[in-house]
1. What is the Cα centroid distance between region B:412-470 and region B:268-320, reported in whole angstrom?
2. How many angstrom lie between the Cα centre of region B:334-390 and the Cα centre of region B:184-261?
3. Would you kindly derive the ³J(HN,Hα) couplings of region B:32-43 from the backbone phi angles with the Karplus curve 6.51 cos²θ - 1.76 cosθ + 1.60 (θ = phi - 60°), listing them in order in whole Hz, with x for Gly and Pro?
4. Probe radius 1.4 Å, ligands and nucleic acids left out: which of A:D65, B:D345 has the largest accessible area, and how do the rest follow?
5. Sum up the charges of everything whose Cβ sits under 12 Å from the Cβ of B:L287, counting Lys and Arg as +1 and Asp and Glu as -1, but leave B:L287 out.
6. Extending each Cα 7 Å along its Cβ direction at B:A290 and A:E68, get the distance between those two points in nm, one decimal.
7. Give me a comma-separated list of calculated 3J(HN,Hα) values for region B:349-366, in order, Karplus coefficients 6.51, -1.76, 1.60 applied at θ = phi - 60°, integers in Hz, x for any Gly or Pro.
8. Mark the label point 7 Å from the Cα of B:A269 along Cα→Cβ and return the residues of region B:441-472 whose backbone N is within less than 12 Å of it.
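The values are calculated or read from the model by the stated rules, or taken from the named source; none is laboratory data. Keep in mind that what you see is a predicted model, and the values were worked out from it rather than measured. Note: ideal-geometry Cβ built from the backbone for every residue, glycine included; neighbour counts use all protein chains shown. Surface areas here come from the heavy atoms of the whole protein model, side chains and all, with no ligands, DNA or RNA. Shrake-Rupley method; radii C 1.70, N 1.55, O 1.52, S 1.80 Å.
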Amino acid sequence: MPLSKEQVEHIAKLARLNLTPAEIEKYTHELTVILSYIDQLQTVNTEGVEVQNQFITAENVFREDVPEPSLPRSEALRNAPDRDEEYFHVPRVIGD
Amino acid sequence: MLDYKKMSATDIREAIATRKVTAVEIVQESIRLAKTEGKELNAFVTICEDKALTQAKVVDDKVKSGAPIGSLAGVPIALKDNISYTDYLCSCGSHILDKYVPPYDATLVTRLLSADAVIIGKTNMDEFAMGSSNENSYYGPVKNPRFPDRVPGGSSGGSAASVAQGIVPLAFGSETGGSVRQPASFCGVYGMKPSYGGISRYGLVAFASSTDQISPIARNVADLATVFKVTCGRDPRDSTSVAFDHPDYPNRLERKEKFTIGIPREYFAEGLDPEVNAVVQKCISELKKAGHSFIDISLPMTDKGVAVYYIVAPAEASANLARFDGVKYGLRKSGDKELADMYGDTRASGFGAEVKRRIMLGTYVLSSGYYDAYYIKASKVRELMRCEFEEVFRAVDLIISPTAPTPAFRIGEKIDDPLAMYLSDAYTIPASLAGIPAISIPYGSASDGRPIGVQFTAGGFNELALFQVAKMMEQ
């Protein structure tokens, strides 16, 4: 089933990507092609299959809750595009 | 000067230990090559000259004073640009991180440095490791060292090219669905994806966390086994790293017992280049002559691998890449807009076309109403694939197949057809989804000389069998 332009605009919004109209059009086409390929999975009988994720370590991994040295604040902040000595700066969140 | 470009890591360490050459001389030569031939190939994003020379001097001082030296002493190594190395750019081949300098070392780096290896540079890659041709980099495509109009494969194209060209004897890439094995095949070098959890991923920028694995590239089996031995094993900083009692790989490469090897019919079906098939068949007949036995096997879910992968990997990527929001690191595009628009503008201009395509795909398959139909369905088929392998490995030690359906394709050939590009990973994806180890061995070539790799896959944590079969074929 082809995706609609509105669906793709909705996905872009969920993904926090401000795409151009040309990109929306391109991805509408490309995602439709890829999804129609992916749809072949619907033909596989997966009744009764439990997803075990056994390729991932089977048991939980714990450690003692002991404080250890961590990254100094100045280091953690040093890559931020807008910051001061203590905080990341972000644009206004609440409107007027 | 010895013929540096032909020296193995073992040769280099030996020459330094016996004072035939200094580590500084070796590292200077590697850096010179990276700046000239590496630049021609566009294989490097950053050359780590300052620290590399300092590390080389430390090795030379140890040799002079008679102190013990590590198993990779003075050996130049290149790292894919998604592995964190303190104080050097870690761009992931992306505009959004083109100023990001990590404040800590990956565990991989710590382990390499403690074996006295020298990191000489960070290699070019498909943006966020998404791609099979290295054409998706913000820094431009990497060229195939032997065929400059062809791709080196991807996403670890810069790492494979730098080893093939002789700039470094060893490099690391990362694998999510074949990103080391496929470029190893295209460039004519060895590439091994360890079992899931084989090498710590602390400090590797995440793409798809249920398959991502750091993976070594080398020009010979002993070097590959040595560097894996140095870097494998449990790391408290990566809870998915596995506490496995790894054997002493470099000293166990010779094997007397014969292998039982499976030939999966699904890997020899439509779409396989006849020249690639001929190379794999030649490998089979050589191993038969040496007394190994082969049985025909079937892995019926193989042709569903690409479909499963392009649900699971984009879904996980869409979550992992949510952290790139213009706040904590990297690019920010804003003006006076409010927060949500700052996110949207930053991400739209910071990510390239393929990364956006996968974030969109991943967001869609995880979105309300589609999660069960796509992600859960794919996870179930993935489980069937894993069980198929488990069943097969009750009867065989190894599975043989081509690494990639074709030799290196032309730059530009598949870039406008995402699905065709995705299908070039059809033979490497299954081992990634199942979490089992696999190696690409340079074995033959096409009639025009393009390298062709043969892939062996083993059961979980049976990397030893991969090194041993590779060693047999090297001889």
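1. Each part's Cα centre sits 7 Å from the other's.
2. One Cα centre to the other: 28 Å.
3. 4, 5, 4, 7, 9, 5, x, 5, 4, 7, 6, 7
4. On the way: A:D65 150, B:D345 35 Å².
So, going from the largest accessible area down, we get A:D65, B:D345.
5. Details: positive: B:K258, B:K282, B:K288, B:K289; negative: B:E286, B:D397.
Surrounding charge for B:L287 is +2.
6. Spacing of the two 7 Å Cα→Cβ label points: 4.2 nm.
7. 8, x, 8, x, 4, 5, 5, 4, 4, 6, 5, 4, 4, x, 5, 4, 6, 9
8. So the set is empty, nothing qualifies.
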